[in-house]
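Below you'll find the structure, written out as structure tokens, and then a few comments.
Just so it is clear, none of the values below were taken in a lab; they were calculated from the coordinates. These figures come from a predicted structure and were not determined experimentally. As a convention, Cβ positions derive from the backbone with ideal geometry for all residues, glycine included, and neighbour counts pool all protein chains shown.
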Amino acid sequence: MMRVFYLTFCLLFFNIHNAHAYLDPGTGSIILQALIGFIAAIGATVGLYWQKFKFLIKKIFTKNKKQN
């Protein structure tokens, strides 16, 4: 089974042809927008979980102070 996979991979990978594709200037701006959106999404996710983490730590330490 793996031999068939390797043979297929080699045939597809080493059988490369030119695509003759054209990338217009709008494509660069779309890629840039996607990259900025990805970075913003990562920042929002990190910020959300950072707030939850701070709340959890604050909750743990305030409980310990009330018990003493």
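Structure summary
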quantity	calculated
Residue-averaged 222 nm ellipticity for the chain, from DSSP H runs of 4+ at -39500 (n - 2.57), nearest 500	-29500 deg cm²/dmol
Most mobile of A34, A21, A44 in a GNM of the chain (Cα contacts under 10 Å)	A21
Spin-label model distance (nm) - K54 vs L35, 7 Å beyond Cα toward Cβ	3.0 nm
Rounded to 10°, Cα long-axis angle of helix 25-67 versus longest principal axis of the chain	20 degrees
Given charges at Cβ of Lys, Arg, Asp, Glu: the chain dipole, positive-most of T8, A34, A21	A34
Loop-located chymotrypsin sites (Phe, Trp or Tyr not before Pro) in the range 1-53 whose Cβ has at most 14 other Cβ within 10 Å (DSSP)	Y22
Degrees between helix 2-14 axis and first principal axis of the chain (Cα, 0 to 90, nearest 10)	70 degrees
Ellipsoid semi-axes in whole angstrom, largest first, where each is sqrt(5λ) of the Cα gyration tensor of the chain	51, 25, 4
